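The values are calculated or read from the model by the stated rules, or taken from the named source; none is laboratory data. Computed from a prediction, not measured in an experiment: that's the story for all the values here. Reconstructed Cβ throughout: ideal geometry from the backbone, glycine too, with neighbour counts over all protein chains shown.
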Amino acid sequence: MPPKVKISREEIIKTAVLIVKTSGVNELNARNIATKLGCSTQPIFSNFQTMDELKCEVVCEAEKIYQQYVANGSYFSYKEKAMAYISFAKQEKNLFKLLFLEEGQSDFINGEPLQALCMDTGLSGDTAQLFNLEMWAFVHGLAVMTANASFPLHDTVISRIFDDAYQGLKTRFNLR
């Protein structure tokens, strides 16, 4: 009798990510993963105590994929970071929904986008945070509409809409 094929933790995570990418987080369950892997659910629960534990791993992998959209060794402007965020929503709809709707991540509230805004505008402190919050609400709204396919716009149109909102906020904050 040939030895049983062992299914690794990494294979399970990779398959789970693929299911989320193609079908959405609601289809992430042990039976669907086992079917894709051609096995029973036993290897899944041998590697993960619960589906929540596996989902945490899927979220980590989704974050890595997202970081590929927004990471670069050189400086990215605030607009480039916003466009990368919207591009992720457009191209990886289900991973975007997992990260930014299911898990409630808030990439633009703090971190690199806020730093880019400060560099682009010279703002700091509470003023920069308020500008960023107002702009992020707009960018996140565009990304959600894009991910839900209710807003099928070309990138050049999205870029122009972003510019209009950004310039409007700069005027409101008395920036040139």
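Restricting the search to the range 151-176, which residues are under 20 Å from residue 93 (Cβ atoms) and touching a residue at least 12 places away in the same chain (Cβ under 8 Å)?
155, 158, 159, 161, 162
Of all residues in the range 99-118 being in a helix (DSSP H, G or I) and under 24 Å from residue 176 (Cα atoms), which is modelled with the lowest pLDDT?
Among those that are in a helix (DSSP H, G or I) and under 24 Å from residue 176 (Cα atoms), it is 112.
Does residue 42 satisfy the condition of being surrounded by fewer than 17 Cβ atoms within 10 Å (Cβ to Cβ), within 17 Å of the chain's Cα centre (by Cα) and without any contact (Cβ under 8 Å) to a residue 60 or more places away in the chain?
no
Which condition does residue 49 not pass, out of (1) under 17 Å from the mean Cα position of the chain (by Cα); (2) within 22 Å of residue 103 (Cβ to Cβ), if it passes all the others?
(1)
Taking the residues in the range 149-176 that are in a loop (DSSP other than H, G, I, E, B) and surrounded by fewer than 13 Cβ atoms within 10 Å (Cβ to Cβ) as candidates, determine which candidate is modelled with the lowest pLDDT.
So, considering only residues that are in a loop (DSSP other than H, G, I, E, B) and surrounded by fewer than 13 Cβ atoms within 10 Å (Cβ to Cβ), the one modelled with the lowest pLDDT is 150.
Of all residues in the range 121-148, how many are surrounded by 16 or more Cβ atoms within 10 Å (Cβ to Cβ) and of a type in the set (Asp, Glu)?
0
Given the structure, is residue 37 touching a Pro at 6+ places or on another chain (Cβ under 8 Å), modelled with pLDDT of 95 or more and either more than 21 Å from residue 150 (Cβ to Cβ) or outside the structural domain of residue 121 (by TED's automatic domain parsing) (or both)?
Here the answer is yes, as residue 37 does meet what is asked.
What about residue 7, is it surrounded by 14 or more Cβ atoms within 10 Å (Cβ to Cβ) and in contact with a Cys (Cβ under 7 Å, 6 or more places away or on another chain)?
Against the criterion (surrounded by 14 or more Cβ atoms within 10 Å (Cβ to Cβ) and in contact with a Cys (Cβ under 7 Å, 6 or more places away or on another chain)), residue 7 qualifies.
What are the residues in the range 119-147 that are without any contact (Cβ under 8 Å) to a residue 24 or more places away in the chain and not in a helix (DSSP H, G or I), if any?
The answer is 124, and nothing else.
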